[in-house]
Amino acid sequence: MSRPGTAGVEHSGGTRPGRSTHPGTPAAGLTHGRLSTAALALALGLWLSERGSCAWGRCAALGCDRFFIDAGRRDPQRFCAPRCATRVRVAAQRAQRAGDRTG
């Protein structure tokens, strides 16, 4: 017995691979992945259009391999986090004090 609109096509009752949109199937996950990628691309495009450019860099702290996106402050950003900036500032101050004592 055929269903209305199937024009006599036999169906086994199963789903065809890659055609289901049920949330538990891989095909639906692919759709959600594409939607989230598109949303991310749109958000990035809007953010870049508001800022005009994307300023990014590598942390200037010795031994830190992190990258950062400059948040657009008055001074250009040099460090990925306040922790790295403080570490560099304290090391410079200690080196200066050690130099003052020796000489």
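Order Thr37, Thr102 by their accessible area, 1.4 angstrom probe, all chains in place, largest first.
Thr102, Thr37
Let me cross-check Cys59: its accessible surface, 1.4 Å probe, with only protein heavy atoms counted, in Å² to the nearest 10?
10 Å²
Quick one: accessible surface of Ser49, probe radius 1.4 Å, all protein chains present, in square angstrom to the nearest 10.
So the heavy atoms of Ser49 present about 80 Å² to solvent.
Using a 1.4 angstrom probe with every protein chain in place, what is the largest-first accessible-area order of Trp47, Trp56?
In descending accessible area the options line up as Trp56, Trp47.
The values are calculated or read from the model by the stated rules, or taken from the named source; none is laboratory data. Predicted model only: the values in this text are computed from it and were never measured. These area figures cover heavy atoms from the full protein model, side chains too; ligands, DNA and RNA do not enter into them. Shrake-Rupley method; radii C 1.70, N 1.55, O 1.52, S 1.80 Å.
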